[in-house]
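First comes the structure, then the notes that go with it.
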């Protein structure tokens, strides 16, 4: 019998395990994949974004509808706490110009290795290739290389991820198990994903090219940053920041995302510049000389049929400041960086314990919340893992 059990070896699960160990409990972490933290390692290949340094209100606002219940958890493990946690693991951090916080080594592997060593030193036991298949009267049941294993625990934390990147372990298979136990779930939806665009052959030379800087807008939602032109459409940070609004506003025939190609130039100045006499210049040369639109930005501009035909300076300025790019649909859920949906807060107590399954707690992306990339996702996973771990430790003490 394990005194406490954590199912899932990602950031939320490992943080819950640390809280349980710090409270004096023996802990078993069971992970379905061959190694711990596979999604964390994948995210860290391009520079592990730990959290974001920005004003309190702006930071909390990105958690959208979930912020009403996530704020206390995020206050208890805020961006400053995340940085102190990383540095305690021997990983010096720095803050980029955008406020994003990274380890100086720009990789996840050193941090994960140090964390696992620290957890092992606290007595946490790890089992890999243990796939959780449900609960029975005598405990949690796992399919393992050694056959069926049943683990009894005084408290269990589920940190099983969402339903994207199945090859890294987040396949959403747990949803059926919890639904059969009477847990009401919110449907999964892609989050932080790209969108399909039917490009013409004109765009092929620019596949993989960044479009920056830009301001993107859809309805009342807007963001500034950059995105990438891909063979299948658009992706990248700025698109991900707007992805929830685009997804929720998606119609059967798609939606138009508005791109401000000159975010640092106010509309009156753009209008003034393009009122200059063009003479015999092509529109492309004119835009290059007057407002500096070149390369992939120019290609994106001329991909728009209205832009190719525009001859009125006022309309030209309007398109430069709000160029419609037609998005057909979100990319499939398994290609999304994260997912919305899962276990709603209404199904849990304040300590993230399932009302339908006393002694079972949930953390991380399997909860129904979403946030943009840029440090918000990882901070949210760590904060919810911490909350669930502390609550599970208290429950286990009461069960002794």
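Descriptive notes on the structure:
- Every residue from the range 173-185 that is surrounded by 21 or more Cβ atoms within 10 Å (Cβ to Cβ) and within 20 Å of the chain's Cα centre (by Cα): 174, 175
- Residue match in the range 264-277 (condition: touching a strand residue (DSSP E or B) at 6+ places or on another chain (Cβ under 6 Å), on the phi < 0 side of the Ramachandran plot and not in a helix (DSSP H, G or I)): no
- Scan the range 37-48 for residues that are closer than 25 Å to residue 390 by Cβ and crowded, with 23+ Cβ neighbours inside 10 Å and the total you get is 3.
- Residue match in the range 157-179 (condition: in a strand (DSSP E or B) and in the same structural domain as residue 347 (by TED's automatic domain parsing)): yes
- Filter result (in contact with a helix residue (DSSP H, G or I) (Cβ under 9 Å, 6 or more places away or on another chain) and assigned to a helix (DSSP H, G or I)) within the range 202-229: 202, 203, 205, 206
- The residues of the range 124-151 that are in a loop (DSSP other than H, G, I, E, B) and surrounded by fewer than 14 Cβ atoms within 10 Å (Cβ to Cβ), listed by number, are 137, 138, 145, 146.
- Considering residues of the range 99-118 that are touching a strand residue (DSSP E or B) at 6+ places or on another chain (Cβ under 8 Å) and part of a loop (DSSP other than H, G, I, E, B) only, the residue farthest from residue 58 (Cα to Cα): 104
- For residue 130, the conditions (1) out of contact with any strand residue (DSSP E or B) (no Cβ under 7 Å at 6 or more places or on another chain); (2) under 25 Å from residue 24 (Cβ atoms) are fulfilled apart from (1).
- Listed by position, the strands (runs of 3 or more DSSP E) enclosed by the range 289-400 that each have at least 3 residues that are assigned by TED's automatic domain parsing to the domain that holds residue 180 and in contact with a strand residue (DSSP E or B) (Cβ under 6 Å, 6 or more places away or on another chain) are 338-342, 360-362.
- Single unsatisfied condition, residue 295 versus (1) farther than 30 Å from residue 63 by Cβ; (2) modelled with pLDDT of 95 or more; (3) surrounded by 15 or more Cβ atoms within 10 Å (Cβ to Cβ): (3)
- Matching residues, the range 80-121, being free of Cβ contacts under 8 Å to residues at least 40 places away in the same chain and either within 17 Å of residue 377 (Cα to Cα) or not assigned by TED's automatic domain parsing to the domain that holds residue 20 (or both): 80, 81, 83, 86
- Among the conditions (1) touching a residue at least 60 places away in the same chain (Cβ under 8 Å); (2) touching a strand residue (DSSP E or B) at 6+ places or on another chain (Cβ under 7 Å), the only one that residue 77 does not satisfy is (2).
- Test result for residue 18, over 16 Å from residue 374 (Cα atoms), modelled with pLDDT of 95 or more, touching a strand residue (DSSP E or B) at 6+ places or on another chain (Cβ under 9 Å) and surrounded by fewer than 24 Cβ atoms within 10 Å (Cβ to Cβ): yes
- Residue match in the range 252-262 (condition: surrounded by 21 or more Cβ atoms within 10 Å (Cβ to Cβ) and part of a helix (DSSP H, G or I)): no
- Test for residue 28: is it part of a strand (DSSP E or B) and either modelled with pLDDT of 95 or more or within 16 Å of the chain's Cα centre (by Cα) (or both): yes
The values are calculated or read from the model by the stated rules, or taken from the named source; none is laboratory data. For clarity, every value in this text was computed on a predicted model and none was experimentally measured. Quick reminder, even Gly has a Cβ in these numbers, built from the backbone with ideal geometry, and neighbours come from all protein chains shown.
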